[in-house]
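The values are calculated or read from the model by the stated rules, or taken from the named source; none is laboratory data. Predicted model, so just to flag it, every value in this text is computed and none were measured. With ideal geometry, Cβ positions are generated from the backbone for all residues, glycine too; neighbour counts draw on all protein chains shown. Heavy atoms of the whole protein, side chains included, go into the accessibility calculation; ligands, DNA and RNA do not. Shrake-Rupley method; radii C 1.70, N 1.55, O 1.52, S 1.80 Å.
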Amino acid sequence: MMNKTLRWIGVAAMVVGLAGCAGAPEPLQVASPDGQIRVSFELIEGVPFYRVDRGGQPVLENSRLGFAFRDQEPLDGGLEIVSHGTANFDSTWEQVWGEKHSIRNHYNELRVALQESGAPQRRLDVVFRAYDDGLGFRYEFPEQEAMTAFVITDELTEFHFAGDHEAWWIPAYEDNRYEYIYHRNPISELDVVHTPVTFETSQGLVLSLHEAALTDYASMTARHTGGTVLKCDLVPWPDGAKVLGQAPMKTPWRTLQIGGSASDLIESYLILNLNEPNKLEDTSWIKPGKYVGIWWGMHLGTMSWESGPKHGATTERTKEYIDFAAENGFDGVLVEGWNVGWDGDWMQNSELFSFTEAYPDFDLREVTDYAREKGVVLIGHHETSAGISNYESQIDDAFELYQELGVTMIKTGYVGTRTEGGEHWHHGQFMVRHYRMVVEKAAEHGIMLDVHEPIKATGIRRTYPNMMTREGARGQEYNAWSVEGGNPPEHTTVLPFTRMLGGPFDYTPGVLDLTFEDINPNARVKNTLAKELALYVVIYSPLHMAADLIENYEDQPAFQFIQDVPTDWDDTVALHAKIGDHVGIARKDRNSEDWYVGSITDEEARSFEVALDFLDSDRKYVAEIYADGEGADWESAPYAINITQALVDSTTTYKLNLAPGGGTALRLRPATDEEAQSVPAYE
Ligand code: NOJ
């Protein structure tokens, strides 16, 4: 059913030309609307291959397609083309919330229907979509007698890169899920990696391999199989099966985003375009926003999740946080450790978690009533510690309880190296199904989700916009306790070109007390203060946390930016970008005429001149500037910040001066007549 908030703009045209039959000229081709990206498909002695070119230069050389199954022959050869057709599609749709309001979905499609020449004549379709910013393709198993229920033991899809490009990657099949620092190596040195994995070619192209619409399938990792070939490696069930399938069935899209520069990746919406439109009729209850929470104290160790003298989630403290949220314009208060089950080693005792019973010093009804009075939402917390059956057995009661109490937002968690007593990876089909079930159930109960230890983002937020944000990378928490002493300054300059291509990240920025020697001298936030602010713009999330202890925001002028910055945007523009070095992004507020800029660098000081030509040309703006101060340096002078104002307009060239590990955060708001006279012009 089409959602009321989706408005089709222009003409959505699907022109299908079915042509051909066995013996049609090969290879079959489809090009992107701008003609730059060309995908070719051919059978070579019955074996299916595809290749990709951009501007006449090879991006992927001939790469194999196909499947292996349990108890039946592979579907990877002996094939013929029974029909093929092309189509074009052009429409614009509106995001319920996001980093851009209106998104154009413009592509050309090639559909190839294949059949085995010999018995049992199984059928398989391959669908390619060529966009100006890359391509997606997927397999479809049509309904057929020769194949009903089946077990995929291997997806044979290859990505044969045309060069030994530098890859930005994190390892797959490791205990900490996606929580690793990105490495940089040539393709030929990779083993097996998660997606998105992003490449830079020696010609300056940027490529990112990922998948879209992962809904009932195993997630794809990419395994190096020799030379410059990566092969799809599906995360298995405990018995080695990869996917339990039933025709008719569509696989997720295999995606390759292609840009002429790193900036192009920031402005690519390919993953969202390859997902199904919004399925929720009423989205009025889905609200982006910002939250504070009883959280950082547990990571620092000054509070505890478990009961006892340090218990964080008390009724009294929660009320203090609610008061703070109400006074400072925050929408929600997250409370972790409110429920029974944290005592002892909670990471090993998932079956002890109750999702309805509170600790005696936390009165759930009292705090939700109090929050309601103050116009703030309590954000519920369900840490499962990867005990799936314990959670599923309580989930209806837990969601009903929250719904009754007006808790419209839940943070879930799946801490553990494997789920369900060590049996399942977080990324196999069993868990993909679980995560999806929770999203659908949450939607039925009017609940938004923030998932930690999640399945990677593949654009499901378009279909279920209550799937707001998730973790799925190393976030701020590592700065409290990681043995390496916190995330290196480079980390956040890699994320926008890798993890963030999947979708929003609950990174939890806003720790303004960057160093806490008296609590943990071995870890800290490796940023300047201005960079910590800039992360609110650089890292997109419809729900952003102000993660610090609320007392650390007292008498802190930089806190004003966190109060002001929105989390729902009309538009996004990349200003400067180099993977692992620096990134600058401008975003326009969805609900005002304000623009915000976040610009960050790694451990190197850098300067950039950026044109503010995205501003309206017929007005002046006050730039509220949060820049690295004199001598600022993440290591030696992280707190040096200059907070100033200047008058700018669309002709201004703004000079960003970023300290080592530094950044700049700007709010650009239309000037009043008085300000246009009184605020000093930017020089
Ligand atoms: C890990 C999550 O990332 C973190 O945010 C949470 O506080 C703990 N698990 C406990 O649930």
Q. Is it fair to say V573 is open to solvent by less than 10 Å² (accessible area, probe 1.4 Å), under 26 Å from D616 (Cα atoms) and in contact with a strand residue (DSSP E or B) (Cβ under 8 Å, 6 or more places away or on another chain)?
A. no
**Q.** Filtered residues of segment 420-447 (kept if within 17 Å of T283 (Cα to Cα) and either among the acidic types (D, E) or within 16 Å of the ligand (Cβ to nearest atom) (or both))
**A.** E440, E444
Q: Consider T283 carefully, then state whether it is of a type outside the set (D, E, K, R) and open to solvent by less than 30 Å² (accessible area, probe 1.4 Å).
A: yes
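Quick grid of which residues meet (1) of a type in the set (K, R); (2) under 24 Å from A681 (Cα atoms); (3) over 25 Å from the mean Cα position of the chain (by Cα):
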position: W569; (1), (2), (3): no, no, no
position: H582; (1), (2), (3): no, no, no
position: A586; (1), (2), (3): no, yes, no
position: S599; (1), (2), (3): no, yes, no
position: E604; (1), (2), (3): no, no, yes
position: K620; (1), (2), (3): yes, yes, yes
position: G629; (1), (2), (3): no, yes, yes
position: P638; (1), (2), (3): no, no, yes
Q: Return the residue satisfying two criteria in turn: it lies in segment 224-254 and is under 16 Å from W169 (Cβ atoms) and of a type in the set (S, T, N, Q), and of such residues it is least open to solvent (accessible area, probe 1.4 Å).
A: T228
Q.
So if I check each of V415, V340, V376, which one is farther than 21 Å from R470 by Cβ, within 16 Å of the ligand (Cβ to nearest atom), of a type in the set (A, V, I, L, M) and touching a residue at least 12 places away in the same chain (Cβ under 8 Å)?
A. V340
Q | Tally, over segment 313-335, of residues that are touching a helix residue (DSSP H, G or I) at 6+ places or on another chain (Cβ under 8 Å), surrounded by fewer than 23 Cβ atoms within 10 Å (Cβ to Cβ) and not polar (S, T, N, Q) | A | 5
(Q) Just to verify a result, which residue in segment 521-544, among those that are part of a loop (DSSP other than H, G, I, E, B) and away from the ligand (no atom under 16 Å from the Cβ), is nearest to A640 (Cα to Cα)? (A) T528
Q: Identify the residue in segment 44-74 that is free of Cβ contacts under 8 Å to residues at least 40 places away in the same chain and over 28 Å from the mean Cα position of the chain (by Cα) and, among all such residues, is most open to solvent (accessible area, probe 1.4 Å).
A: E45
(Q) Just checking, does segment 396-408 include any residue being hydroxyl-bearing (S, T, Y), at pLDDT 95 or above and within 16 Å of the ligand (Cβ to nearest atom)? (A) no
(Q) Can you report the number of residues in segment 580-624 which are part of a strand (DSSP E or B), open to solvent by 10 Å² or more (accessible area, probe 1.4 Å) and farther than 20 Å from A262 by Cβ? (A) 4
Q. Quick check: is even one residue across segment 345-362 of a type outside the set (S, T, N, Q), more than 14 Å from the ligand (Cβ to nearest atom) and open to solvent by less than 20 Å² (accessible area, probe 1.4 Å)?
A. yes
Q.
I'm checking my understanding of the structure. Among residues of segment 467-481 that are over 14 Å from the mean Cα position of the chain (by Cα) and open to solvent by less than 10 Å² (accessible area, probe 1.4 Å), which one is farthest from N522 (Cα to Cα)?
A. Q476
Q.
Out of the residues in segment 363-373 meeting the condition of being open to solvent by 10 Å² or more (accessible area, probe 1.4 Å) and without any contact (Cβ under 8 Å) to a residue 40 or more places away in the chain, tell me which one is nearest to the chain's Cα centre (by Cα).
A. R372
Q | Among (1) under 24 Å from the mean Cα position of the chain (by Cα); (2) crowded, with 20+ Cβ neighbours inside 10 Å, the one test that Y402 misses | A | (1)
Q. Within segment 113-130, is even one residue among the acidic types (D, E) and surrounded by 18 or more Cβ atoms within 10 Å (Cβ to Cβ)?
A. yes
(Q) So, in segment 664-681, how many residues would count as being assigned to a helix (DSSP H, G or I) and touching a residue at least 40 places away in the same chain (Cβ under 8 Å)? (A) 2
Q.
Kindly evaluate W93 against the criterion of being surrounded by 18 or more Cβ atoms within 10 Å (Cβ to Cβ) and not in a strand (DSSP E or B).
A. no
(Q) Checking the structure you have, find out if any residue of segment 213-230 is aromatic (F, W, Y) and assigned to a loop (DSSP other than H, G, I, E, B). (A) yes
**Q.** Subset of segment 496-520 (residues that are in contact with a strand residue (DSSP E or B) (Cβ under 9 Å, 6 or more places away or on another chain) and either within 16 Å of the ligand (Cβ to nearest atom) or without any contact (Cβ under 8 Å) to a residue 40 or more places away in the chain (or both))
**A.** P504, F505, D506, Y507, T508, P509, G510, E517
(Q) Whether any residue in segment 143-151 is open to solvent by less than 50 Å² (accessible area, probe 1.4 Å) and within 26 Å of W425 (Cβ to Cβ) is what I want to check. (A) yes
(Q) I'd like to check something: does segment 531-553 contain any residue that is open to solvent by less than 10 Å² (accessible area, probe 1.4 Å), touching a Lys or Arg at 6+ places or on another chain (Cβ under 6 Å) and among the hydroxyl-bearing types (S, T, Y)? (A) no
Q | Sole residue being within 19 Å of the chain's Cα centre (by Cα) and surrounded by fewer than 22 Cβ atoms within 10 Å (Cβ to Cβ), chosen from E166, E179 | A | E179
Q: Assess whether S102 counts as being open to solvent by less than 40 Å² (accessible area, probe 1.4 Å) and of a type in the set (G, A, S).
A: no
Q. Just for segment 290-311: of the residues that are small (G, A, S) and surrounded by fewer than 23 Cβ atoms within 10 Å (Cβ to Cβ), which one is nearest to K374 (Cα to Cα)?
A. G297
Q.
Going residue by residue through segment 558-566, is there one that turns out to be surrounded by 21 or more Cβ atoms within 10 Å (Cβ to Cβ), closer than 30 Å to E94 by Cβ and within 20 Å of the chain's Cα centre (by Cα)?
A. yes
